[in-house]
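S.K.: Structure incoming, see below.
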Amino acid sequence: MRVNLTLTEMEQRFLEAIVTEGATEYEIYVDYLRRSGLSDESSPPALADVIHVLLNLGLERLHEVAAEISYAAEAAAETDADRAITAALHRRHVKSAARAEDG
């Protein structure tokens, strides 16, 4: 897959700092790679590597937001009858678990 990006000057400076050895951003990024097990110690991070990691982080966050929206939509669609059924199932599960503990 090919992705084309148009960066602002500030974004470009930030990405350049990440791949510039000795910069604070570089040290933070390399530390992140080491801690997450993504580091290839044999070569310094290239700009494409940085963009790849940032895209992955963005996709993870996008999935989280989509899940939150989905859960909120499901909760909003829930009726009083649905909530009553859920509450009854919960009570039954708690009673069953208590009986199992008692032996």
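The values are calculated or read from the model by the stated rules, or taken from the named source; none is laboratory data. Given the structure is predicted, the values throughout are model-derived calculations rather than measurements. Glycine also receives a Cβ, built like all others from the backbone with ideal geometry; neighbour counts cover every protein chain displayed.
S.K.: So, in the range 52-61, of the ones that are of a type in the set (A, V, I, L, M) and at pLDDT below 80, which residue ends up surrounded by the fewest Cβ atoms within 10 Å (Cβ to Cβ)?
M.R.: Out of the qualifying residues, it is 57.
S.K.: Shifting gears a bit: Filter the range 20-43 down to the residues that are modelled with pLDDT of 85 or more, not small (Gly, Ala, Ser) and not in a helix (DSSP H, G or I), then identify the one that is surrounded by the fewest Cβ atoms within 10 Å (Cβ to Cβ).
M.R.: Step by step, filter the range 20-43, then rank; the result is 21.
S.K.: Condition test on residue 64, is it out of contact with any helix residue (DSSP H, G or I) (no Cβ under 6 Å at 6 or more places or on another chain) and surrounded by 10 or more Cβ atoms within 10 Å (Cβ to Cβ)? Steps first, answer last, please.
M.R.: Values: out of contact with any helix residue (DSSP H, G or I) (no Cβ under 6 Å at 6 or more places or on another chain): yes; surrounded by 10 or more Cβ atoms within 10 Å (Cβ to Cβ): yes.
So residue 64 fits the description; yes.
S.K.: Have a look at 55, 15, 62 and point out the one that is assigned to a helix (DSSP H, G or I) and touching a residue at least 40 places away in the same chain (Cβ under 8 Å).
M.R.: None of the others qualify; the one that does is 55.
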